[in-house]
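Contents: one structure, followed by commentary.
The values are calculated or read from the model by the stated rules, or taken from the named source; none is laboratory data. Here the structure is a predicted model, which is why all the values come from computation and not from measurement. A quick note on method: Cβ atoms are made from the backbone with ideal geometry, for glycine too, and the neighbour counts reach across all protein chains shown.
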Amino acid sequence: MDNKDKPHFKIGDTIVILKYGTVGKISDIKYIDGQYFYEVNEGDGLFRDNGLTLLSDFKGELVDKEQIDIEYKFFFGDLVQVKGYLDELFKVVGFRTEIWRYKEDAWEDIIYELTRVTDGEWLEADENELILVAESDIADSYLKKYGFIYPIKKMKQPLLLPSPKDHFTNKIDALLDMYNDYKTMYGMFSDSYYIDMMDTIKNQLADLLNKSNNKLRKHS
């Protein structure tokens with residue numbers, strides 16, 4: 001039977017979406033193939049008559065929607081270090097929030113998806129495992145300045161690598177340059193972030209020197 005002249009609800013009615021137990025308002029009514037469909041809260045979905053009821057007629061239990069505000073510390077393209085991989089640099093390529101709810105506990109985990117700049121290796125890390133090195137707008141300039149390059153997927157010519165001695169010296173020089181830059185920035189802004197970065201670089205220098213000494217002992 002054609003009910004074109006008899007919509008069950010009208011625009012502005014406060015209704016309950018029975019499937020979810022959530023409250024909304026009718027924001028539009030559409031007539032399709034002899035049936036009325038209702039838009040709720042200007043959303044993309046449409047609901048039939050039997051999927052909705054007026055709030056005044058609802059006898060069930062309403063679901064209280066939770067408002068969750070998530071503040072992200074890192075964004076696409078940011079250059080970061082990961083605790084446990086402090087001699088590597090990674091770029092943020094994605095992130096997600098995992099929401100956990102239990103009867104007596106609740107929390108949110110922010111997971112970042114990363115790729116290593118030297119070879120594109122993929123890694124996931126929690127937000128508290130990341131250390132910002134350079135924001136996305138200066139990440140490429142930072143990599144060029146300190147001699148880091150993106151992975152090369154296909155190569156027609158073999159790559160000529162520097163000798164281990166030259167590579168070691170270049171890496172030490174790059175770390176020292178970074179340390180001096182952060183020291184200068186700390187002198188200008190007195191931000192503890194730069195102290196943390198200086199400590200990180202000192203740890204990397206110590207690790208490199210230890211590795212070098214161990215190699216020398218093996219060959220002596």
Picked from the stretch 197-212 (must be over 28 Å from the mean Cα position of the chain (by Cα) and touching a residue at least 24 places away in the same chain (Cβ under 8 Å)), the residue farthest from Asn180 (Cα to Cα) is Ser212
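For the stretch 93-123, give me the residue count where each residue is among the charged types (D, E, K, R) and touching a strand residue (DSSP E or B) at 6+ places or on another chain (Cβ under 6 Å).
6
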Note: among Val82, Val23, Val40, just one is under 30 Å from Met197 (Cα atoms) and modelled with pLDDT of 75 or more, namely Val82
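Can you pull out every residue in the stretch 175-193 that is surrounded by 11 or more Cβ atoms within 10 Å (Cβ to Cβ) and modelled with pLDDT of 75 or more? Walk me through it before giving the result.
Kept after step one, since they are surrounded by 11 or more Cβ atoms within 10 Å (Cβ to Cβ), are these residues of the stretch 175-193: 175-186, 191, 193.
Scanning the stretch 175-193 gives Leu175, Leu176, Asp177, Met178, Tyr179, Asn180, Lys183.
Quick one: in the stretch 17-39, of everything that is surrounded by fewer than 12 Cβ atoms within 10 Å (Cβ to Cβ) and not hydrophobic (A, V, I, L, M, F, W, C), which residue is nearest to Ser56 (Cα to Cα)?
Lys19
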(1) hydrophobic (A, V, I, L, M, F, W, C); (2) surrounded by 12 or more Cβ atoms within 10 Å (Cβ to Cβ); (3) closer than 22 Å to Asp191 by Cβ; (4) at pLDDT 85 or above all hold for Phe75 apart from (2)
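Could you list all residues from the stretch 97-120 that are in a strand (DSSP E or B), modelled with pLDDT of 80 or more and among the hydroxyl-bearing types (Ser, Thr, Tyr)? Reasoning before the result, please.
To start, the set of residues in the stretch 97-120 that are in a strand (DSSP E or B) comprises 97-102, 105-116.
Okay, now just the ones that are also modelled with pLDDT of 80 or more, so 97, 109-116.
If the condition is that a residue be in a strand (DSSP E or B), modelled with pLDDT of 80 or more and among the hydroxyl-bearing types (Ser, Thr, Tyr), then Thr97, Tyr112, Thr115 are the ones that fit.
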